[in-house]
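Participant: Dropping the structure in here first, questions after.
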Amino acid sequence: MVHVGEAPGKLILCGEHAVVAGHPAIAVALPRMTRVTLRARLGATAVASGIDDPRLLPALCTVVPDTGWGITIESELPVGCGLGSSAALAIATLRAWNAHEVATGGERADFDALHVRAFAIERAFHGNPSGVDHAVSALGGAVRYTRAGGAPRITPLRLHEPLALVVVNTGPPSHTTAELVERVRQRGAEAELAAIGVLVAEVAERLEAAHVDVAHVGALLDRNHALLQGIGVSTPALDAACVTLRRAGAAGAKLAGAGGGGVAFGLCTRDTAATVAAEAAAQGLDVFGVTIHPTAW
Ligand code: MEV
């Protein structure tokens, strides 16, 4: 028996860290996929992935039984760089396992079931994640996500125009997401996190406009980056990447994800994105361009 599940990575446009404290965040699914293949086998469940992480097999075995399966992971996402590699792995694994459940008479998992069950895998990697990463990986498109009090509130962000982004990977972070989240908690950064929440609400409103004012949204993203610097999760490499992206013509730039390394992105117009990416690459940065298209919800 062979079952396959796929899921995309993600980019947090704004609101990382604030979302852990109950404020909103906006995230988009990236056209970069993780694929999980399950094959029935004799003996203990084993994983083939090329990923050297002792948490991997225990995390997957929160979903897949610990005997009887060979798990193969193929991914277009760099691990642990803020592009949602673990969230994509969680959703792809659940989709593959659910294919097995359906084949043996079980029910097809809807979004809510996927989202709730994926927390087990995400917790194995990240401690107490907000759930935004695997929400957008499961839903696709662009989403607004809040976890205030009880259940998460997840609403599609209704884009009318494509968003042109240029992403720079500064390399693996020096700290895990759980460590960075804990550092922010210990710092007592409530005022900065609340200010990020206010920015997110404005960015969401502007991104849903019929015509996006890219320059204005870019300035809001710059402010978000400054607030993330203020709570101690940026790095000199992330700050330099943002400066390079802005100098190359991006309307605004910020780190994305937990920080401490990993990715930053610039928001561009569709006319400038290719030049910005080429300029950043010429400066020696590891860069790729991505267009986020409106989704028919
Ligand atoms: C990590 O991609 C985003 C954080 O906000 C953590 C979380 O939401 O769980 C830093």
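Just so it is clear, none of the values below were taken in a lab; they were calculated from the coordinates. These numbers come from a predicted model, not from an experiment. Here Cβ is always computed from backbone atoms with ideal geometry, including for glycine, and neighbour counts include all displayed protein chains.
Participant: Listing Ile121, Ile51, Ile91 from the residue with the fewest other Cβ atoms within 10 Å to the one with the most, what is the order?
Facilitator: Ile51, Ile121, Ile91
Participant: Compute the distance from the alpha-carbon center of region 116-136 to that of region 264-278, in whole Å.
Facilitator: If you average the Cα positions of each part, the centres end up 30 Å apart.
Participant: I've got another one for you. Excluding Thr37 itself, what net charge comes from residues whose Cβ is under 14 Å from its Cβ, given Lys and Arg +1 and Asp and Glu -1?
Facilitator: +2
Participant: Using only the alpha carbons of region 117-156, determine the length spanned along each of the three principal axes and report them from longest to shortest in whole angstroms.
Facilitator: Principal axes ranked by extent give 27, 23, 14 Å for the Cα atoms.
Participant: For region 154-227 and region 1-71, what is the separation of their C-alpha centers, rounded to whole Å?
Facilitator: Distance between centres, Cα-based: 24 Å.
Participant: Continuing with the same structure: Cut-off is 10 Å between beta-carbons; in what order do Arg117, Arg153 appear when sorted fewest neighbours first?
Facilitator: Fewest-to-most ranking of Arg117, Arg153: Arg153, Arg117.
Participant: Could you tell me the calculated FRET efficiency between Val243 and Phe111, based on Cβ-Cβ distance and R0 = 41 angstrom, to the nearest 0.05?
Facilitator: 0.60
Participant: In whole Hz and in residue order, list the ³J(HN,Hα) couplings for region 170-185 that follow from phi through the Karplus curve 6.51 cos²θ - 1.76 cosθ + 1.60, θ = phi - 60°; x for Gly and Pro.
Facilitator: Along region 170-185, the couplings run 8, x, x, x, 7, 10, 6, 4, 4, 5, 5, 4, 5, 4, 5, 4 Hz.
Participant: Could you list the square roots of 5 times each eigenvalue of the Cα gyration tensor of region 1-126, that is, the equivalent ellipsoid semi-axes, sorted largest first and rounded to whole Å?
Facilitator: Computed over region 1-126, the values are 25, 16, 13 Å.
Participant: Same structure again: Sort Cys61, Cys14 so the one with the fewest other Cβ atoms within 10 Å of its own Cβ comes first.
Facilitator: With the sparsest Cβ surroundings first, the list reads Cys61, Cys14.
Participant: Quote the charge dipole size of region 27-87 about the Cα centre in Debye, to the nearest 20; the model charges only the Cβ of Lys and Arg (+1) and of Asp and Glu (-1).
Facilitator: My answer is approximately 160 debye.
Participant: D for region 53-121, whole µm²/s, Stokes-Einstein with Kirkwood Rh over alpha-carbon pairs at 20 °C and 1.002 mPa s: what number?
Facilitator: Here the translational diffusion coefficient equals 168 µm²/s.
Participant: Can you give the FRET efficiency to the nearest 0.05 for His160 and Thr275, using r as the Cβ-Cβ distance and R₀ = 25 Å?
Facilitator: Using R0 = 25 Å, I get an efficiency of 0.55.
Participant: I'd like the Kirkwood hydrodynamic radius of the chain, using the inverse of the mean 1/r over distinct C-alpha pairs, in Å.
Facilitator: About 19.3 Å for the chain.
Participant: Please grab the % of Cα pairs in region 12-57 that end up more than 15 Å from each other.
Facilitator: 67
Participant: Projected onto the charge dipole of region 1-127 (+1 at Lys/Arg Cβ, -1 at Asp/Glu Cβ, origin at the Cα centre), which of His3, Trp97, Leu30 gives the Cα projection farthest towards the positive end?
Facilitator: Looking along the dipole axis, the top candidate is His3.
Participant: To the nearest 10 degrees, how steep is helix 111-126 against the longest Cα principal axis of the chain, on a 0 to 90 scale?
Facilitator: So the inclination is approximately 80 degrees.
Participant: Where does region 33-192 land on the Kirkwood hydrodynamic radius, alpha-carbon pairs, in angstrom?
Facilitator: Computed over region 33-192, the radius equals 17.2 Å.
Participant: Of the options Ala264, Ser130, Ala142, report the single residue whose Cα projects farthest towards the positive end of the charge dipole of the chain (beta-carbon charges: Lys, Arg +1; Asp, Glu -1).
Facilitator: Going by the Cα projections, it comes out as Ser130.
Participant: Next question, about the same structure. Treat every Asp and Glu Cβ in region 1-130 as -1 and every Lys and Arg Cβ as +1, leave all other atoms uncharged, and give the resulting dipole magnitude about the Cα centre to the nearest 20 debye.
Facilitator: Result for region 1-130 is approximately 120 debye, rounded to the nearest 20.
Participant: Stretched out fully, how many nm does the piece from Thr291 to Glu76 gain, at 0.36 nm a residue minus the Cα gap?
Facilitator: Answer, rounded to one decimal: 75.8 nm.
Participant: Follow-up. Dividing the Cα radius of gyration by the Kirkwood radius, what Rg/Rh value follows for region 254-297?
Facilitator: Over the Cα atoms of region 254-297, Rg/Rh equals 1.03.
Participant: Once phi is turned into θ = phi - 60°, what whole-Hz ³J(HN,Hα) does the Karplus curve with 6.51, -1.76 and 1.60 give for every residue of region 229-241, x standing for Gly and Pro?
Facilitator: Taking θ as phi minus 60°, the curve returns 4, x, 8, x, 10, 8, 9, x, 5, 5, 4, 5, 4 Hz for region 229-241.
Participant: Just how large is the dipole of the chain about the Cα centre, in debye to the nearest 20, putting +1 at every Lys and Arg Cβ and -1 at every Asp and Glu Cβ?
Facilitator: Computed about the Cα centre, the dipole is about 200 debye.
Participant: Can you tell which of Leu42, Ser234, Gly197 lies farthest toward the positive end of the dipole of the chain, using +1 and -1 charges on the Cβ of basic and acidic side chains (Lys, Arg; Asp, Glu)?
Facilitator: Farthest along the dipole direction, towards plus: Leu42.
Participant: So what does log10 I(q)/I(0) come out to for region 203-297 at q = 0.12 Å⁻¹, using the Debye formula with one equal point on every Cα and no solvent?
Facilitator: The calculated log intensity ratios at q = 0.12 Å⁻¹ are -0.37.
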